[in-house]
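Novice: Quick one: the structure is below, questions incoming.
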Amino acid sequence: MKVLVCISNVPDTTTKIAFTDNNTQFNAVGVQYIINPYDEIALARAIELCEGGKGTVTVINVGDASTEPTIRKALAIGADDAIRVNAAPRDAYFVAKQIANTAKDGGYDFILTGRESIDYNGSQVAAMVGEFLSIPSVSIIKKLDLNGTSATLEREIEGGKEVVETPLPFIASCAEGVAEPKIPNMRGIMSARTKPLAIVEPVEITKVAEVKSYETPAPRGQVKLIDAGDVSKLVDALHSEAKVI
Amino acid sequence: MSVLVYVENAEGKFKKSTFEVVSYAKEIAKQLGTSLTALSIGNVADSALAELGKYGAQKVLSVSNDKLKSFVNQAYASIISSAAKAEGSKIIVLAASFSGKGLAPRIAVKLEAGLVDGAVELPELTGGKFIVKKNAFSGKAFAHVELTSEVKIISLVPNSYKVVEHPETATVTAFESTAAESDFGVMIKDIVRASDKISLPDAELVVSAGRGLKGPENWAMVEELANLLGAATACSKPVSDAGWRPHSEHVGQTGITVSPNLYIAIGISGAIQHLAGVSSSKVIVVINKDPEAPFFKVADYGIVGDAFEVVPQLIEAIKKFKEVA
């Protein structure tokens with residue numbers, strides 16, 4: 001069995017987000033980068049399913065050379081090998097095209113991603129890759145089990161869940177519940193340095209979207225404190241002042 | 001040339017988020033001087049389809065087919081794409097719901113379209129450009145994304161655009177499914193919906209609690225408060241990690257991002273990752289016994305006090321308010 005896991009290189013969750021050049025560029029100064037937390041869940045499940053010689057896990061990242069520490073981290077966690085598509089990930093369409101192009105002749109039984117990256121929050125790549133490869137895509141899953149030539153997935157829906165069965169190959173985007181992220185052990189960290197990391201060049205496609213600028217949310221006014229002994233004042237304020245109840 | 005809006009239903013009924021996308025798409029159509037066509041897939045009554053006229057749809061295409069009664073991602077994407085082609089639509093709008101997030105990217109590839117997933121405002125249309133504001137960095141920022149492709153797709157975050165009435169007479173027409181047999185690879189085995197629960201991503205009011213509640217056995221008062229208000233319940237990451245509450249209630253940077261009218265946070269200190277998930281809430285109330293809790297810095301109203309004393313009092317106060325109102 002061969003599994004491909006798509007990983008994104010994102011700012012650590014504790015990062016204070018700021019921008020430069022008139023709010024057109026993300027300020028990466030002093031920012032620590034990590035594997036996108038949802039992708040770590042996908043990676044953990046892929047490793048679990050391949051344990052005991054049942055298969056191999058390949059990770060793929062679209063990024064320049066600066067993302068290699070993140071790729072090595074994935075190898076330390078337990079991926080067998082890695083592919084880096086040597087290009088800045090300019091938008092989801094571009095990234096999905098690169099992944100699909102690399103995966104199409106790879107013979108993967110299934111492909112996993114995280115539900116979305118925590119930087120651009122597109123949640124687009126998985127379903128786009130599915131469409132590029134003409135394979136089923138299931139977005140935002142909470143559970144994944146294999147049964148021979150098919151897989152049973154639990155998908156989140158508003159106010160509940162849906163259980164679906166899909167034939168292999170397929171692509172799914174993983175959310176919390178699919179697996180617990182794994183922490184690399186010493187042996188993993190040592191072996192990560194020598195595991196294969198292939199670098200492939202991107203295919204060019206027409207640009208469809210571009211970030212023109214960013215903004216941070218407007219700060220809120222001063223908090224209005226209400227005495228703990230007089231909570232009815234809060235109810236009054238929410239009704240007559242904030243008008244939300 | 002009409003704007004096409006995909007109108008999602010849940011068990012044959014439209015939700016508020018559907019009327020939001022119709023209102024949003026109508027405003028875009030108006031600004032571009034064109035008409036609005038809605039597309040419905042699944043078994044929805046003609047009367048419900050005609051009601052979309054109230055929010056500005058002039059034409060409603062309806063695909064009614066037992067095979068398509070429940071959401072089949074690939075088949076739905078094929079149908080929406082062919083409807084867009086048939087209508088000559090260059091702009092497609094849908095909700096950033098769980099289904100919408102699966103659909104929009106597939107449609108984008110089929111139509112070679114740029115996609116903004118998670119729009120929070122109307123597009124800026126000055127100077128022939130098409131720029132859409134969306135959530136980025138999980139609520140810590142917004143990005144303004146220009147779509148440069150001929151066909152453009154926008155998915156709209158629930159509760160970020162108001163339902164606006166714009167009465168039109170909607171003509172309902174049947175639309176033939178164009179889905180291929182190969183689009184039906186994924187089979188639905190079971191759908192489990194907690195009918196008494198309000199869905200968190202759509203909720204207008206949210207009551208959320210954190211580690212300050214000390215244990216899962218203390219959630220009864222959170223649920224009572226939520227029920228009284230008609231609110232969804234939510235929690236912080238440590239709470240869902242500890243298994244006190246399901247992951248589907250986890251709000252924050254690695255959980256669900258919400259934008260309700262009111263977010264009440266009980267016993268949550270306000271770590272940066274949690275604040276990211278709630279920053280677009282319109283009004284935030286924080287109840288915490290620690291006056292130094294960072295959450296107070298981003299709150300509109302705060303009560304410094306013990307949740308186990310404040311929440312029961314708040315429940316009583318709301319009961320009294322409901323009696324009078």
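Novice: With a bin width of 20 angstrom, please list the P(r) values of chain B as percents of all Cα-Cα pairs, from the 0 bin to the one holding the largest distance.
Specialist: 30, 52, 18, 0
Novice: Mark the label point 7 Å from the Cα of residue A:193 along Cα→Cβ and return the residues of the stretch A:37-76 whose backbone N is within less than 20 Å of it.
Specialist: The answer is A:66-76.
Novice: Considering Cα pairs under 8 angstrom that are at least six residues apart, work out the relative contact order of chain B and quote it in whole percent.
Specialist: Details: 702 pairs, mean separation 47.1, N = 325.
Once divided by the residue count of chain B, the mean separation gives 14 percent.
Novice: Give me P(r) over the stretch B:178-247, computed from all C-alpha to C-alpha distances, binned every 5 Å, as integer percentages.
Specialist: Going out from 0 Å in 5 Å bins, the stretch B:178-247 shows 3, 14, 20, 18, 14, 7, 7, 6, 6, 3, 1 percent.
Novice: Same structure, new question: Tell me which of A:136, A:197, A:147 sits at the most positive position along the dipole axis of the stretch A:109-209, charges placed on C-beta atoms (Lys, Arg +1; Asp, Glu -1).
Specialist: Projecting each Cα onto the dipole axis, the largest value belongs to A:197.
Novice: Follow-up question, since we're still on this one. Can you tell me which of A:140, A:60, A:189 moves the most in a GNM of chain A? Springs connect C-alpha atoms under 10 Å apart.
Specialist: Residue with maximal mean-square fluctuation among A:140, A:60, A:189: A:189.
Novice: Which of the helices in chain B, when you take each full DSSP H run, stretch at least 30 Å along the axis at their Cα atoms and have an average Kyte-Doolittle score of -1.0 or higher?
Specialist: Helices meeting the span and hydropathy rule in chain B: none at all.
Novice: Under the Karplus relation 6.51 cos²θ - 1.76 cosθ + 1.60, θ = phi - 60°, what is the ordered set of whole-Hz ³J(HN,Hα) values for the stretch A:212-229, x standing for Gly and Pro?
Specialist: 8, 6, 10, 8, 9, x, 4, x, 7, x, 4, 5, 9, 8, 10, 5, 4, x
Novice: Now for a separate question. Magnitude of the Cβ-charge dipole of the stretch B:200-324, K/R +1 and D/E -1, about the Cα centre, nearest 20 debye?
Specialist: Using Cβ point charges on Lys, Arg, Asp and Glu, the stretch B:200-324 gives about 160 debye.
Novice: Looking only at B:308, B:184, B:98, which one moves most when chain B is put into a Gaussian network model with springs between Cα atoms under 10 Å?
Specialist: So, out of B:308, B:184, B:98, the one fluctuating most is B:98.
Novice: Report the semi-axes of the equivalent ellipsoid for the stretch B:200-324 in whole Å, largest first, where each axis is √(5λ) for an eigenvalue λ of the Cα gyration tensor.
Specialist: In descending order, the three semi-axes are 20, 16, 15 Å.
Novice: In nm², what is the average projected area of the convex hull enclosing the Cα atoms of the protein assembly as shown?
Specialist: Here the figure is 26.0 nm², rounded to one decimal.
Novice: Now, a different point. So for the stretch A:44-118, considering every pair of alpha-carbon atoms, how many percent are separated by more than 15 Å?
Specialist: Summing the P(r) tail past 15 Å for the stretch A:44-118 gives 59 percent.
Novice: Would you calculate a helix-derived [θ] at 222 nm for chain B, using -39,500 (n - 2.57) for each DSSP H run of n ≥ 4 and dividing by the full residue count, to the nearest 500?
Specialist: One gets -8500 deg cm²/dmol as the mean residue ellipticity at 222 nm.
Novice: Please check: in the Gaussian network model of chain B (C-alpha springs, under 10 Å), which one of B:23, B:248, B:259 has the largest mean-square fluctuation.
Specialist: B:248
Novice: If I stretch the segment between residue A:228 and residue A:186 completely, what's the gain in nm (0.36 nm per residue apart, minus their alpha carbon distance), one decimal?
Specialist: Full-extension gain reported as 10.0 nm.
Novice: Moving on to the next point. Among B:240, A:234, B:125, whose Cα sits farthest toward the positive end of the charge dipole of the protein assembly as shown (+1 at Cβ of Lys/Arg, -1 at Cβ of Asp/Glu, about the Cα centre)?
Specialist: Selected residue: B:125.
Novice: Moving on. Tell me which GluC sites (Glu not before Pro) from the stretch B:76-177 have a DSSP coil assignment and no more than 12 other beta carbons within 10 Å of their own.
Specialist: Answer by residue number: B:150, B:165, B:176.
Novice: Taking every pair of distinct Cα atoms and averaging 1/r, then inverting, what Kirkwood hydrodynamic radius in Å comes out for chain A?
Specialist: 19.9
Novice: Additional query: Calculate one ³J(HN,Hα) per residue across the stretch A:173-179 by plugging θ = phi - 60° into the Karplus curve 6.51 cos²θ - 1.76 cosθ + 1.60, and present them in order as whole Hz with x for glycine and proline.
Specialist: 9, 9, 10, 4, x, 5, 6
Novice: Next question. I'd like to know which of A:95, A:57, B:184 lies farthest towards the positive end of the charge dipole of the protein assembly as shown, counting +1 on Cβ of Lys and Arg and -1 on Cβ of Asp and Glu.
Specialist: Highest projection toward the positive end goes to A:95.
Novice: Do any of B:110/B:134; A:243/B:26; B:16/B:214; A:143/B:15; A:161/B:133; B:133/B:237 go past 32 Å between their Cα atoms, and which?
Specialist: From B:110/B:134; A:243/B:26; B:16/B:214; A:143/B:15; A:161/B:133; B:133/B:237, over 32 Å: B:16/B:214.
Novice: Next question, about the same structure. Exposed loop trypsin sites (Lys or Arg not before Pro) only (DSSP loop, at most 13 other Cβ atoms within 10 Å): please give the longest stretch of chain B free of them, not including the sites.
Specialist: Longest stretch, sites excluded: B:1-128.
Novice: Report the relative contact order of the stretch B:200-324, percent, no decimals, based on alpha-carbon pairs under 8 angstrom and at least 6 residues apart.
Specialist: Here the relative contact order equals 24 percent.
Novice: Mind checking the dipole of chain B: about its Cα centre, +1 per Lys or Arg Cβ, -1 per Asp or Glu Cβ, Debye to the nearest 20? Numbers along the way, then the final one.
Specialist: Numbers: 33 positive and 35 negative charges, 82 e Å.
The calculation lands at about 400 debye.
None of the figures in this text is laboratory data; all of them are computed from the coordinates on show. Computed from a prediction, not measured in an experiment: that's the story for all the values here. Cβ coordinates were reconstructed from backbone atoms using ideal geometry, including for glycine residues, and neighbour counts include every protein chain displayed.
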